[in-house]
Each structure stands twice: as C-alpha cells, then as structure tokens.
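Asks: Can you keep this structure in mind? I'll have questions shortly.
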Amino acid sequence: MGMMDGKVALISGGAEGIGGTAGQRFVEEGGSVMLGDIQLEKAQAHAASLGERAAAVELDVRNLDQWEAAVAATKAKFGKLTTLFNVAGISEPGPVDTVDLESWNRTIDINLHGTFNGCRVGLPAILESGEDGAIVNIGSMLAMRPGSQFAAYSASKAAVTALSKSLALHCAAQNYPVRVNTVHPGAIDTPMYQRYLAAYPGSHEEAVEVFNRNHPIKRVGLAREVADAMLWLASDASSFTTANDITVDGGGSYRE
Ligand SMILES: NC(=O)c1ccc[n+]([C@@H]2O[C@H](COP(=O)([O-])OP(=O)(O)OC[C@H]3O[C@@H](n4cnc5c(N)ncnc54)[C@H](O)[C@@H]3O)[C@@H](O)[C@H]2O)c1
C-alpha cells in the first residue's frame, strides 16, 4: 500500500530536479503522474524510465492554453486529476537597482504567473474528480528570508506564498476538499544548483562551502528531501494541514 495509491498528479517542471524527483517518488508510492515541462524530450525520457504510471506533456507554465491542454492530457491518460505540484521555476540574480528588466519580468512570469495559471486551471479539474485533492506550490528559503541579490526571485516566491494561502482559504470557505500548501526549499542539489556552482566566481570548493554555510545543518539538501515533504502534503496523512509553509532548508530560514 503506497502513500499515493489512487492519486493522479500533474507536475510542472517535472523533467528534472525537484519536480523530476517528486514524479519518481509519486510513482514509487503508487500514484500516477503527468510530467509537464518546456523540456519535452527530457520529460518524456524521465516518464519512460518511471513506467506505465507516468507520461509527459509539453508545458510552458506561462501559457494558460498549454495548462488547459496538460490537464486535459492528464485526465485522458489517467482518468482524473487529484494533485497539482507547481514546481517549475527559475532563479536569476540581480538587486533592485540593477536587475535586468527582462530578467525581472521573466522571473515573475514563470514563478508567479506560472503558479497562478496552474492553480487557476488545476483547481476546477481537481474538484471535478470528486475526491480529496491537494495543491503544493514551491516557494523558497528566499521567500522567508529575502536575499539582496535576488530581488525578483525573493519577491516572486513571497508572492507564491501569499497566493497559496489565499487559495487555501478560498477552498476552505467554499468547502472545497482541496488543501493548498507551500514547500520552501533551501539550496538543493539539482541542475539549478549546479548552474549556481558553475557561475560562482571562486573555486568549486569555495562555492560549495558558501552554500553549505547558509544552512545550520551545514550542507545543501537533496531533491528527495523536498519531494518527500511534497508527498506528505499531497497525502491524506496531512488532512488537517492547509494554508501552511513547510521549510526544507536545514534550518536556513532561521539561521543566526
Ligand atoms: N534547487 C534549489 O536550490 C532551489 C531552492 C529553493 C527553491 N527552488 C525551487 O524549486 C523549483 C525547482 O527547482 P530545481 O532546482 O528543481 O530547478 P531545475 O532548474 O533543476 O529544474 C526546473 C525544471 O523546471 C522546468 N522549467 C523551467 N521553466 C519552465 C517553464 N516556463 N515552464 C515549464 N517548465 C519549466 C525546467 O525545464 C526544469 O525541468 C523551482 O521553483 C525553484 O525556484 C529550488
């Protein structure tokens, strides 16, 4: 008996990183997943590696029509949608006074509007299933503890946090059986993190040390550690938890 038996998830950013690992764990726990991503071939290859209860669909989270198509593809393949993981996101550095305006807009578009689009299209589909459902959005340690060099990213993830709570309260007020929560990762070893290490001006060892130091547990996290928190929030084990934040950051949001 798996934690996700009978549940069907659509995961944005499901080709790799945290979304890819969440997809793997969801299938391991008995559920079915549709992996939505702009990297369609990578998502298809990942889905193929997970077996019959996984499939992939092209999805740019900025595009509402593609969200509609992704939800339709999920229902066509697996019969329903019970779970939405809004994971797709980008992180580009830049302080308020010099951040490139295109970068600012791109970050808000993907991280905030992309998550809004997913909630907008995903909620009615989950309600249509007639089952208890869950939406898990991905924030960041930087939503709780903004970084001076990450204006757009910190702002977009703080906004995702407020959006999640707003939707959670709306669902509760309407007696919709859908819970909405946010998971806030610290630095997690994914392709995104590897790009940050590669871009660091000093040595690789210095870069790793800097990232480790930002977490009281003194290391960065694993995608699986985030995915397992997401699975708990998507499962019936968290049935009284909504409008909440779970940090998976080795204590980083509260470091001294
Ligand atoms: N890795 C970290 O250190 C870290 C820390 C805090 C929060 N996060 C958040 O976790 C989420 C996943 O991060 P990750 O480290 O796995 O990133 P990643 O870059 O390793 O993977 C992101 C995935 O999202 C997809 N994607 C990007 N833009 C998209 C779009 N417009 N539409 C659909 N798919 C798109 C990419 O193709 C990729 O498959 C992001 O929201 C990120 O902000 C990551």
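Asks: Looking at Val96, Val61, Val87, Val71 in this structure, which one is of a type outside the set (D, E, K, R), out of contact with any Pro (no Cβ under 7 Å at 6 or more places or on another chain), modelled with pLDDT of 95 or more and more than 21 Å from Gly20 (Cβ to Cβ)?
Replies: On the way: Val61 fails: more than 21 Å from Gly20 (Cβ to Cβ); Val87 fails: more than 21 Å from Gly20 (Cβ to Cβ); Val71 fails: more than 21 Å from Gly20 (Cβ to Cβ).
Testing whether each residue is of a type outside the set (D, E, K, R), out of contact with any Pro (no Cβ under 7 Å at 6 or more places or on another chain), modelled with pLDDT of 95 or more and more than 21 Å from Gly20 (Cβ to Cβ) leaves just Val96.
Asks: From (1) within 11 Å of the ligand (Cβ to nearest atom); (2) not in a loop (DSSP other than H, G, I, E, B), pick out the condition that doesn't hold for Ala237.
Replies: (1)
Asks: Here is a further query. When only residues in segment 97-115 that are without any contact (Cβ under 8 Å) to a residue 12 or more places away in the chain and among the acidic types (Asp, Glu) count, which is surrounded by the fewest Cβ atoms within 10 Å (Cβ to Cβ)?
Replies: The qualifying residue surrounded by the fewest Cβ atoms within 10 Å (Cβ to Cβ) is Asp97.
Asks: Check off (1) small (Gly, Ala, Ser); (2) more than 16 Å from the ligand (Cβ to nearest atom); (3) outside the structural domain of Val136 (by TED's automatic domain parsing) for Ser166 and give me the number that stays unchecked.
Replies: Here Ser166 clears every test but (3).
Asks: Select, from Ala125, Ala72, Ala76, the only residue that is away from the ligand (no atom under 16 Å from the Cβ), in a helix (DSSP H, G or I) and under 19 Å from the mean Cα position of the chain (by Cα).
Replies: Numbers: Ala72 fails: under 19 Å from the mean Cα position of the chain (by Cα); Ala76 fails: under 19 Å from the mean Cα position of the chain (by Cα).
Just a single option satisfies the conditions, and that option is Ala125.
Asks: Let me ask something additional. Considering only segment 79-90, state which residues are more than 9 Å from the ligand (Cβ to nearest atom) and either of a type in the set (D, E, K, R) or over 16 Å from Gln24 (Cα atoms) (or both). Let's see the steps before the verdict.
Replies: Looking only at segment 79-90, we keep the residues that are more than 9 Å from the ligand (Cβ to nearest atom), and these are 79-85.
Residues satisfying the conditions are Gly79, Lys80, Leu81, Thr82.
Asks: Are any of the residues in segment 214-223 buried (at least 18 other Cβ atoms within 10 Å of the Cβ), under 21 Å from the mean Cα position of the chain (by Cα) and under 24 Å from Gly122 (Cα atoms)?
Replies: Looking for residues that are buried (at least 18 other Cβ atoms within 10 Å of the Cβ), under 21 Å from the mean Cα position of the chain (by Cα) and under 24 Å from Gly122 (Cα atoms), one finds at least one in segment 214-223, hence yes.
Asks: Something else: Please work out which residue is nearest to the ligand (Cβ to nearest atom), limiting yourself to segment 46-62 and to residues that are surrounded by fewer than 16 Cβ atoms within 10 Å (Cβ to Cβ) and touching a residue at least 24 places away in the same chain (Cβ under 8 Å). Explain how you work it out, then say what you get.
Replies: Kept after step one, since they are surrounded by fewer than 16 Cβ atoms within 10 Å (Cβ to Cβ), are these residues of segment 46-62: 48-49, 51-52, 62.
Still in the running and touching a residue at least 24 places away in the same chain (Cβ under 8 Å): 51, 62.
Working: Gly51: 20, Arg62: 6 Å.
Residue satisfying both the conditions and the ranking: Arg62.
Asks: What single numbered condition from (1) within 22 Å of Asn86 (Cα to Cα); (2) part of a loop (DSSP other than H, G, I, E, B) fails to hold for Trp232?
Replies: (2)
The values are calculated or read from the model by the stated rules, or taken from the named source; none is laboratory data. Model, not experiment: these values are computed from the prediction. Counting neighbours? That spans all protein chains shown, and the Cβs are built from the backbone with ideal geometry, glycine included.
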